[in-house]
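Read through the structure below, which is laid out as structure tokens, and then see the notes.
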């Protein structure tokens, strides 16, 4: 077996140092690659609901499911905190979603999301979600994690603020877990703000 020359040994050491530096940098930044940006949460937020992009606009709402005909997604924007959207009982435990379509040419830059838990049933609120944006309704970009660290104590507005400078036609709130046995059931109101 031939030994390496002095030049080859120096080149191997330099290559090894560069490789270790690259691996160390990737490990250090791994947190940035693995998780979407997290939002700032404000419980009991005093929201200017007149500025809610979902009210009085041509925004079309759709949802992954609903339970009864009185528990449809449009109840999230009816300004009546006693009404609510409830997922279908057969779909409990599956990711639930609400999608907003602002229409062609109606793109919005959303920088905060507000949600109101259901009165007397705050335990049915979501725990973890993501806000996604799209311009074609098929290819989605994560804007922010929407996380409620503790179960809401009552039915008061909660607001999540995040950095977003991109305008999207479609927004989707993808709800993955809730507080009642880890499942999401219902929500009273939803708001998006520029």
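Here are the numbers for the structure shown:
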read-out	value
For the chain, built as a Gaussian network whose Cα springs stay under 10 Å, the top-fluctuating residue of 100, 17, 110	17
Virtual spin-label span in nm between residue 109 and residue 69, 7 Å along Cα→Cβ	4.4
CD proxy at 222 nm, helix term only [per DSSP H run n ≥ 4: -39500 (n - 2.57); per residue of the chain; nearest 500]	-5500 deg cm²/dmol
Neighbour-count ranking [beta-carbon atoms within 10 angstrom, fewest first] of 187, 99	99, 187
Expected-Rg normalisation [2.2 N^0.38 Å, Cα atoms] applied to the chain	1.39
Percentage relative contact order, region 40-193, counting C-alpha pairs under 8 Å, at least six apart	36
Helix axis angle, 6-34 relative to the chain longest principal axis, alpha carbon, degrees	10
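Every read-out reported here was derived from the displayed coordinates using simple, explicitly stated rules and does not represent laboratory data. Source: prediction; values computed, not measured. Glycine gets a Cβ as well: all are built from the backbone with ideal geometry, and neighbour counts include every protein chain shown.
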